[in-house]
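Chemist: Mind looking over this structure? Questions follow.
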Amino acid sequence: MEATSLMHIPNYKDYSYLCIHLIKLTMKKIIFAMTILSSAVLFAQEEEEKTSFISQGTYELTGAVSFSSSNSENDSFESDDLSFGFIPQLGLAVSDDLVIGLGLGFTYNESESSSSFSQITNTSYARSYSFRPYVKKYFSLSENFALNIQGEVEYFISNQESNSFSADIDGFSIGLRPGISYSLNDAFALQAQVGSLGYATANIEPEFGEESTSSSFGFNLNMQQVNIGVSYFF
């Protein structure tokens, strides 16, 4: 008996079903890939938002106060120094974590010294007013903490008086101020600046005597000279 081999002849309906099945599988893979990609993009954006201490377009209003006090003495000499100041400033974040602004300042200094060789106590006072455009850069450490550095150009005028001396002073300085910031919430942050690195020059006009000029360059991280302030973001 001769066996007959019957070949399966594909039906066009089978091809249609196969094509539809392949299309469904492909669409599912595309949708899955797009979902993963979208999630990755959103996660990256959230991480970027978290690492920005201040966002572009935000205004920063800061009120800072400075205070320092020192005493030095030995067997024949004693000196007491007191200084405080108030420095309001307003800035705009031109990009994430980069602020450009303008600050004003008032500083008062008082010094008192005496010597065992003299019965006279020498007292001096100084009042200073300043105008300072600045650029401030934040470096985020976490969601709440950030380091910052502020570069500024300052113009100042001052009046100094003592028992035997009186003078008007004006000048300018260029400097960098390191600091640290802590975000309390979306609207407020604590600010602290310690010391400075900079150059200053001043023109001194005494009440009696010749006019003179002085200049200085220095780096100071004295913990007795700290600016503490609060920033309001809006």
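Chemist: Residues in region 131-147 near a label at Ser216, defined as backbone nitrogen under 18 Å from the 7 Å Cα→Cβ point?
Modeler: 131
Chemist: With the cut-off at 1.5 for a/c, could you classify region 50-233 from its C-alpha gyration tensor as rounded, prolate or oblate? Numbers along the way, then the final one.
Modeler: Details: a/c = 2.85, a/b = 1.92, b/c = 1.48.
Cα axes put region 50-233 in the prolate bin.
Chemist: If packing is taken as the mean number of other Cβ atoms within 10 Å per residue, what is the order of 200-209, 66-75, highest first?
Modeler: Details: 200-209: 13.1, 66-75: 11.4.
Highest to lowest by the protection proxy: 200-209, 66-75.
Chemist: OK, next. Take the alpha carbon atoms of region 110-174, find their center, do the same for region 53-99, and report the distance between the two centers in whole angstrom.
Modeler: Region 110-174 and region 53-99 have Cα centres separated by 10 Å.
Chemist: So what's the net charge close to Asn203: Lys and Arg +1, Asp and Glu -1, counting the other residues with Cβ under 11 Å from its Cβ?
Modeler: Working: positive: none; negative: Asp168, Asp170, Glu205, Glu211.
Around Asn203, the surrounding residues sum to -4.
Chemist: Using a simple charge model, +1 on the beta-carbon of Lys and Arg, -1 on the beta-carbon of Asp and Glu, nothing else, what dipole does region 93-215 show about its Cα centre, in debye to the nearest 20? Write down the numbers at each step before the final one.
Modeler: Values: 5 positive and 15 negative charges, 83 e Å.
Result for region 93-215 is approximately 400 debye, rounded to the nearest 20.
Chemist: Between Asp80 and Phe139, what is the label-to-label distance in nm when each label sits 7 Å out along the Cα-to-Cβ direction?
Modeler: The modelled label-to-label distance comes out at 4.1 nm.
Chemist: For Ile100 paired with Ile228, estimate the spin-label separation in nm (one decimal), with each label point 7 Å from Cα along the Cα-to-Cβ line.
Modeler: According to this spin-label approximation, the distance is 3.3 nm.
Chemist: Under the rule of at least 5 residues apart or a separate chain, name every residue whose amide H is placed under 5 Å from the amide H of Asp96.
Modeler: Here Gln56 satisfy the definition.
None of the figures in this text is laboratory data; all of them are computed from the coordinates on show. All values derive from a computational prediction rather than experimental measurement. Every residue, glycine as well, gets a Cβ built from its backbone with ideal geometry; the counts of neighbours run over all protein chains shown.
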